[in-house]
Number of protein chains: 2
Amino acid sequence: MDAEGRVARRPLEQELVSRGVRMTRQRRILVRIIQEAAGHLDAIALWERAKGEDASINTVTVYRTLTLLKKHGLVDELDLMHLEGGKHYYEAKTTRDHIHLACVKCGRIQEFESSLFEKLKGQIERDRQFRIDTVRVEAGGLCDRCK
Amino acid sequence: MDAEGRVARRPLEQELVSRGVRMTRQRRILVRIIQEAAGHLDAIALWERAKGEDASINTVTVYRTLTLLKKHGLVDELDLMHLEGGKHYYEAKTTRDHIHLACVKCGRIQEFESSLFEKLKGQIERDRQFRIDTVRVEAGGLCDRCK
DNA sequence: GTACTTGCAAAGATTTTGCTTCCAA
DNA sequence: TTGGAAGCAAAATCTTTGCAAGTAC
């Protein structure tokens, strides 16, 4: 949001509008934070950031918005190998799927893209006649710095 | 367990004993159920099966045993795309990693092995100098019967 | 015998639901 | 205006912890 309080329209928001979803002040804030987040946010981290822009926003709204985005296939839900408890992490779905590498020692999360991964998905779809909507790959282990 | 109540020693149990882990009646039961389970059990399903053999077994013991097995890297923890809530599923770690395909419509879980997957893991370890201890691949979508 | 494990109760963490009021289209 | 959304409180779900009593080795 700029100094005048204008909110630039972002892809996620556009996507929701085009699907006939009602945009509220809260949804706009949440969706933009997810869109612009560098890392992976869990519901509470998302809520805390949102409170900076709207102190009255409720965790329930955060959960409901995440459910909405999941339903529309606009976010991926991750567990990051449960390195810190049972929460879920979210990221805006990108055009290209990627793998998450979670270091069990330092907690760093790396992302990894690979054409082999794309091939693997193709193989699954062909061999099993399974239509993949979402795919999650998470590896736990030791990163280069820690091993 | 046969008619005399003897419990055959199973790989998981052997593995624990060889690591100096104390084997209790409860652990023997739980570990055998996991070992022999056809599908993927969550903590409560595991507990319910265990109660058939020892009515006094407690859910806390189930969770503690699962934590123990995870710590020793003897089970894999799955989420199966959270098709039914936030619980976790467990399976004895096999020699070969496999991919889980979860049908969002019928809930069926299929497993898929592939040398491409093995290659992908190798690529990650080489490119990122990341030592993979555990890896989880889950795909959600429509199975051949449902699409 | 001793250190580790269990069961019970209670607490903790995360997420969902019911219901009333409010607001976007 | 009107159906969907937000906020609040309470509940539900899944998992962990503290502690006394029991048990494997």
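The values are calculated or read from the model by the stated rules, or taken from the named source; none is laboratory data. Everything numeric here is computed off the predicted structure, so don't read it as measured data. Ideal geometry is used to build each Cβ from the backbone, glycine not excepted, and the neighbour counts take in all protein chains shown.
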Can you pull out every residue in the range A:52-80 that is farther than 19 Å from A:G140 by Cα and assigned to a loop (DSSP other than H, G, I, E, B)?
A:G52, A:E53, A:D54, A:A55, A:S56, A:I57, A:N58, A:H72, A:G73, A:L74
All positions within the range B:21-40 that are outside any helix (DSSP H, G or I) and at pLDDT below 95
B:A37, B:A38, B:G39, B:H40
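So is B:I132 without any contact (Cβ under 8 Å) to a residue 24 or more places away in the chain, within 10 Å of chain A (Cβ to nearest Cβ) and β-branched (V, I, T) or not?
Details: without any contact (Cβ under 8 Å) to a residue 24 or more places away in the chain: yes; within 10 Å of chain A (Cβ to nearest Cβ): yes; β-branched (V, I, T): yes.
Yes, satisfied.
Among the residues in the range B:41-48, are any in contact (Cβ under 8 Å) with a residue 12 or more places away in the chain, within 12 Å of DNA strand C (Cβ to nearest atom) and either of a type in the set (G, A, S) or more than 14 Å from every other protein chain (Cβ to nearest Cβ) (or both)? Show your work before the answer.
Initial filter on the range B:41-48 (in contact (Cβ under 8 Å) with a residue 12 or more places away in the chain): B:41-44, B:46-47.
The next check asks that each one be within 12 Å of DNA strand C (Cβ to nearest atom); those that pass are B:43, B:47.
With either of a type in the set (G, A, S) or more than 14 Å from every other protein chain (Cβ to nearest Cβ) (or both) added as a condition, the list becomes B:43, B:47.
Yes.
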Here's a check for you: in the range A:86-99, which residue that is touching a strand residue (DSSP E or B) at 6+ places or on another chain (Cβ under 9 Å) and near DNA strand C (Cβ under 7 Å from one of its atoms) is nearest to A:L12 (Cα to Cα)?
A:H88
Scan the range A:110-129 and give yes if some residue there is surrounded by fewer than 18 Cβ atoms within 10 Å (Cβ to Cβ), facing chain B (nearest Cβ under 10 Å) and touching a Gly at 6+ places or on another chain (Cβ under 7 Å), otherwise no.
no
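Condition check: surrounded by fewer than 13 Cβ atoms within 10 Å (Cβ to Cβ) and within 12 Å of chain A (Cβ to nearest Cβ). Does B:G73 satisfy that? I'd like the intermediate steps shown before the answer.
Working: surrounded by fewer than 13 Cβ atoms within 10 Å (Cβ to Cβ): yes; within 12 Å of chain A (Cβ to nearest Cβ): yes.
Answer is yes for this residue.
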Only residues that are away from DNA strand C (no atom under 14 Å from the Cβ) and either free of Cβ contacts under 8 Å to residues at least 40 places away in the same chain or in contact with a Pro (Cβ under 8 Å, 6 or more places away or on another chain) (or both): list them for the range A:56-82, please.
none
Output the number of residues of the range B:76-102 satisfying the condition of being surrounded by 18 or more Cβ atoms within 10 Å (Cβ to Cβ), under 9 Å from the mean Cα position of the chain (by Cα) and not acidic (D, E).
3
Got at least one residue in the range A:14-23 being over 11 Å from the mean Cα position of the chain (by Cα) and hydroxyl-bearing (S, T, Y)?
yes
Here the residues within the range B:135-147 that are over 15 Å from the mean Cα position of the chain (by Cα) and at the interface with chain A (Cβ under 7 Å from one of its Cβ atoms) are B:A139, B:G140, B:G141, B:L142, B:C143, B:D144, B:K147
Scan the range B:5-20 and give yes if some residue there is modelled with pLDDT of 95 or more, touching an Asp or Glu at 6+ places or on another chain (Cβ under 9 Å) and of a type outside the set (S, T, Y), otherwise no.
no
Which of the residues belonging to the range B:29-65 are among the basic types (K, R) and either surrounded by 15 or more Cβ atoms within 10 Å (Cβ to Cβ) or more than 10 Å from DNA strand D (Cβ to nearest atom) (or both)?
B:R32, B:R49, B:K51
Among the residues of the range A:78-93 satisfying the criterion of being within 15 Å of DNA strand D (Cβ to nearest atom) and among the acidic types (D, E), which is nearest to the other protein chains (Cβ to nearest Cβ)?
A:D79
